[in-house]
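Here the structure comes first, spelled out in structure tokens, and everything after it is commentary.
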Amino acid sequence: RGQALQPLFKMSYSCSKAGDPRPGHPYKGGNFCAFLPENTEGVKIAKLLKRAFECELTFQIKSCNGEERVTWGPIPHKTSWDGGKARNGYPDAQYLHEVGTAL
């Protein structure tokens, strides 16, 4: 597999804001890890993902069983090195193109 970039996001507990399912209510955070190949295109996408994170586009808050929690947002992330596209993993020959287009 070679070297891999592994962005890790740590989202703590906090209160939701306007536009979230239940503004002002606490939500549950979590640790989120995504994988990118360590090549020219992967580094380029990592920079775009960082900018998307700074613009609050990476995650969203969803209600699940009466509890609000942080989940991945609409930008596709690879959360596994294997399992293929169906399991958010590699191999997926179109991923870098698709995420680049989304970003």
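For the residues 62, 44, the requirement of being of a type in the set (D, E, K, R) and modelled with pLDDT under 90 singles out 62. Every condition in (1) open to solvent by less than 70 Å² (accessible area, probe 1.4 Å); (2) touching a His at 6+ places or on another chain (Cβ under 8 Å) is met by residue 88 except one, and the failing one is (1).
Scan the stretch 71-79 and tell me whether some residue there is on the phi < 0 side of the Ramachandran plot and part of a strand (DSSP E or B). Before the answer, list the steps.
Taking the stretch 71-79 as the starting set, the residues that turn out to be on the phi < 0 side of the Ramachandran plot are 71-79.
Retained after the next criterion (residues that are part of a strand (DSSP E or B)): 71-72.
Looking for residues that are on the phi < 0 side of the Ramachandran plot and part of a strand (DSSP E or B), one finds at least one in the stretch 71-79, hence yes.
The values are calculated or read from the model by the stated rules, or taken from the named source; none is laboratory data. Keep in mind the model is a prediction, meaning the values are calculated, not measured. No Cβ is skipped: glycine too gets one built from the backbone with ideal geometry, and neighbour counts run over all protein chains shown. For accessibility, only protein heavy atoms count, side chains too; no ligands or nucleic acids. Shrake-Rupley method; radii C 1.70, N 1.55, O 1.52, S 1.80 Å.
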